[in-house]
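Let me begin by presenting the structure, written as structure tokens, before commenting on it.
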Amino acid sequence: MNTRHHLEANLKRLRMPGILMNVDMRSQEAGENNLSYIDFLSLVIQDEIVQRENNNLKRRIKAARFGMEKTFEGFDFRFNENAISSRLIRELATCRFIDLRQNLVIVGPPGIGKTHIAKAIGHEACRRCNSVLFKKAHRLLEKLLAVKLYPKYESLFRQCIKVDVLILDDFGFRKLDSKEAELFYALIDERLGNGSTIVTSNRPPQDWINIFPDMVMGGAILDRLVSGAHKIMVSKAKSYRKEGQSLTHKPLDKKEKED
Ligand code: ADP
Ligand code: MG
């Protein structure tokens, strides 16, 4: 076996794909620029680090189950400038509130970008090595309650508690029954102080109390979820679904229309 093959076999054994992929190019670069051994070694190790970080990011994004991914690179901050403070969003995009295990509530009419912002913050959180899970709020509760029928959901509750950032999309869509409310209380109570929860809703938090069958439990949940949370509260803004498309001439695909 020649040295090149030996190196390749060893790098595969050590699981160092970043070095393997770049070593020929780096060795050519080293020859052309008379790089020292130390400089060369430093470059290939940096390649390995970049490759591992990319792989980890991909893994975290896949685990977050965003469905259609959204990022701030694709967000037009000027579109609803008057209604949605770009300064606040940029501050939230730093994920400092996630380090502090604080919550975020995003409220406003349909189509203004609530889900987009929540997913984009989730994406930033993934980039900063946080674990994230995105779920439609009511669908999640349905799944958690169906655990007896579908054992595959058994680990879901633990995952929802453990994850650094839990995004509950479209909360408050309909009334909860007592089982759903109890489960939701357990979830929010367990997460309090241990992770960040991001909630989006078309209804303002003062209306949420009405979706709970029991006002006392509802109050306790809202106290934990909303009281100390950061808030993006929009009462009136343009729907990007209606108006934004004409700016980009890019029709929404079917999956997004269903979101
Ligand atoms: P909401 O959750 O408030 O109903 P969405 O986040 O689903 O709205 O937004 C509807 C569509 O418009 C999505 O495709 C989203 O990516 C897009 N969108 C909304 N606001 C913006 C924006 N400011 N810049 C770019 N795309 C946007
Ligand atoms: Mg939405």
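The values are calculated or read from the model by the stated rules, or taken from the named source; none is laboratory data. No experiment lies behind these values; they were computed from the predicted model shown. Ideal geometry is used to build each Cβ from the backbone, glycine not excepted, and the neighbour counts take in all protein chains shown. To get the accessible areas, we keep the full protein, side chains included, count just its heavy atoms, and leave off ligands, DNA and RNA. Shrake-Rupley method; radii C 1.70, N 1.55, O 1.52, S 1.80 Å.
Seen against the Cα atoms of the chain and their longest principal axis, helix 3-13 is set at about 20 degrees.
In the complete set of protein chains, residue-level accessible area for Met25 is approximately 90 Å², probe 1.4 angstrom.
Excluding residues on the same chain fewer than 8 positions from Lys58, give the aspartates and glutamates whose Cα lies under 14 Å from its Cα. Partners within reach: Glu69, Glu124. In whole Å, how far is the Cα centre of the range 58-130 from that of the range 171-242? Using only Cα atoms, the two centres lie 18 Å from each other. One compactness figure for the chain is 1.26, namely its Cα radius of gyration divided by 2.2 N^0.38 Å. The fraction of accessible area contributed by carbon and sulfur in the chain is 53 percent, rounded to a whole number (1.4 Å probe; ligands and nucleic acids excluded). Each peptide in 105-114, 172-181 was scored by the mean count of other Cβ atoms within 10 Å over its residues; highest first, the order is 105-114, 172-181. Taking every protein chain into account, the accessible area of the range 34-89 amounts to 71 square angstrom per residue (probe 1.4 Å). Among the listed pairs Lys70/Lys162; Lys152/Lys236; Lys152/Lys242, which have their C-alpha atoms separated by more than 32 angstrom in this model? Long pairs (Cα-Cα over 32 Å): Lys152/Lys236; Lys152/Lys242.
Remark: relative contact order (the chain) = 23 percent; criterion is Cα-Cα distance under 8 angstrom and separation of 6 or more residues.
Compared with the dominant principal axis of the Cα atoms in the chain, helix 17-32 is inclined by about 40°. Helix 114-127 against the longest principal axis of the chain: what's the angle in degrees, Cα atoms only, rounded to the nearest 10? So the inclination is approximately 30 degrees.
Solvent-accessible area of Ser27, all protein chains in place: 60 Å² (probe radius 1.4 Å, heavy atoms, ligands and nucleic acids excluded). Computed over the range 34-146, relative contact order equals 40 percent, with contacts defined as Cα pairs under 8 Å that lie 6+ residues apart.
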